[in-house]
Amino acid sequence: MRYHHLGIPTQVPHDGEKYLEAFDTWVTDHETNPFGIQWMRYGERCTLPRIVREAAHVAFEVDSLEKALEGKQVIIRPNSPSEGVTVAFILVDGAPVELLEFAER
């Protein structure tokens, strides 16, 4: 696993947000700041788990998402929010953790 970003929920719009219609969520690019923060803003129709909408999460890049999910409590099943990446969320000691697998790196 390799550290990828820190996702922080917010209610404040940020410059450069990208809207993810399937999740009714706005996200910033973690590469636009020196600390790898991705701001997450959730709409009223967002159906993601409450813990993800309310708590910060740490994200890690993995070589095999399937292997990384073995034996874990999955709270968001694998999905592809953007081309070339598959993500899933797990719960670790009560905290959300995002795992990302990239098609090509």
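The values are calculated or read from the model by the stated rules, or taken from the named source; none is laboratory data. Please read these numbers as outputs of a predicted model, since none were measured by experiment. Cβ placement follows ideal geometry from the backbone for every residue including glycine, while neighbour counts extend to all protein chains displayed.
Before moving on, here are some points about what is shown:
- Across segment 1-34, the qualifying residues are those that are part of a loop (DSSP other than H, G, I, E, B) and of a type in the set (A, V, I, L, M), and the one among them that is modelled with the lowest pLDDT is 1.
- Test: residue in segment 39-52 that is assigned to a loop (DSSP other than H, G, I, E, B), loosely packed, with under 15 Cβ neighbours inside 10 Å and among the polar types (S, T, N, Q): yes
- Looking only at residues of segment 64-105 that are surrounded by fewer than 12 Cβ atoms within 10 Å (Cβ to Cβ) and hydroxyl-bearing (Ser, Thr, Tyr), we find that the one that is farthest from residue 47 (Cα to Cα) is 64.
- Applying the condition of being in contact (Cβ under 8 Å) with a residue 24 or more places away in the chain and basic (Lys, Arg) to segment 39-64 and asking which residue is farthest from residue 91 (Cα to Cα) yields 41.
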